[in-house]
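One structure is given here, and the rest of the page talks about it.
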Amino acid sequence: MANTGVGDIENFESKIRFALMVVPQEKLIAAARENYGQGLTSVTLESWKSGKNRPSKGKLDLVAKVLRLERADFYLDFEMFADLLARKNSLSPKYREIYKKRVRDQLVGSLKLDAFARFGTTQLDRLFLKIRGMYVMYNYSISNIPRVHIALCHIKTLRAPFIGLTVTSLRGGNYNHYTGTLFAVRSNLHIIMETEYDSHDEVVMISTNNPVDTAREVHFLNGVILAGSEDFVSHPSAARVFLEKLPGRYTRESALKMLKKIDTENIPSEYRRLITNDLSREKEEYVLRAEQLSAAYMETLKSVSPVPK
């Protein structure tokens, strides 16, 4: 745990929501004060639940003690965490499943589409195993800025019917961080994500091809950015995007270092062809499309990739 911080806990908000169903907020606050002489407030706990703030290691240690856990237990995946917490606090299997369902329903929120039911759990598991990992994302700005933008996209968690991801955008040597959700509908993957910080308030939607039924290993995804909520006019109204999957040996830190070394002025022409927004109506190219790349073209892309293998 020496190199792991509180920010590395996946689905922290879901774990806190579940924990506060098992041990209600008032009891947790009272137990922290009476048993350990330390204070917690409802405002603090609500900010953790909403994802607005993360605890310090000291506060996390305190909450873990009250819940009869160790800090390390928060780094388990959600299902393992929920099962352990339920067992440690003598919660019946019936209520454990009820509380887990409530957390899942909160994640889905009011977005209720029949397509989620048609894309079954087995397909979702197959899709996640196929696409999980880190990608370098290339695109021109939807605001028509004539330079290639790059970001690190990490498809990392499965919480049916959604897949969780993060995106770290590199702009002018600075990073903007996004969190988002991916869901599948037939031949497309749809991504909705938002920035984490108040200083850069943006929501972005992306649609790519869905490779779940391809026999070969996934190396690339390509599609279009459908919208961004920056405060200026966007031309065109969508932009092509291309995602190159990184080898499994990359960590987030090594991937970000590699990202800084990519010369966006000299990325391969095959990549530029996939992300160009210069569309000619005379050639009937004004419809932006996300298609499955052919095996031959994929081999060409792999041979010219700027990413060290």
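The values are calculated or read from the model by the stated rules, or taken from the named source; none is laboratory data. Since we're looking at a predicted model, the values are computed, not measured. So basically every Cβ, Gly included, is an ideal-geometry build from the backbone, and we count neighbours across all protein chains shown. The protein model used for the area step is the full one, side chains on, heavy atoms only, and it has no ligands, DNA or RNA in it. Shrake-Rupley method; radii C 1.70, N 1.55, O 1.52, S 1.80 Å.
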Exercise for the section: Kindly indicate whether Met193 is closer than 22 Å to Met134 by Cβ, at pLDDT 90 or above and of a type in the set (A, V, I, L, M). Expected result: no
Handout entry: Some residue of the range 72-85 being more than 30 Å from Phe183 (Cα to Cα) and at pLDDT 85 or above
Key = no
Problem - Of residues in the range 49-71 being in contact with an Asp or Glu (Cβ under 7 Å, 6 or more places away or on another chain) and at pLDDT 85 or above, the one nearest to Leu91 (Cα to Cα) - result: Ala64
Exercise for the section: Keeping to the range 234-251, report how many residues are at pLDDT 90 or above, charged (D, E, K, R) and surrounded by 13 or more Cβ atoms within 10 Å (Cβ to Cβ). Expected result: 2
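Report, by residue number, each residue of the range 121-132 that is closer than 23 Å to Thr166 by Cβ and open to solvent by 20 Å² or more (accessible area, probe 1.4 Å). Even if it seems obvious, please write down each step before you answer.
To start, the set of residues in the range 121-132 that are closer than 23 Å to Thr166 by Cβ comprises 124-132.
Listed by number, the residues that qualify are Asp125, Arg126, Phe128, Leu129, Lys130, Arg132.
Just for the range 166-179: of the residues that are of a type outside the set (Ser, Thr, Tyr) and open to solvent by 10 Å² or more (accessible area, probe 1.4 Å), which one is modelled with the highest pLDDT? Give the derivation first.
Pass one, the range 166-179, residues of a type outside the set (Ser, Thr, Tyr): 167, 170-174, 176-177.
Now drop any that are not open to solvent by 10 Å² or more (accessible area, probe 1.4 Å), which leaves 170-174, 176-177.
Values: Leu170: 80, Arg171: 75, Gly172: 71, Gly173: 72, Asn174: 76, Asn176: 82, His177: 85.
Result: His177.
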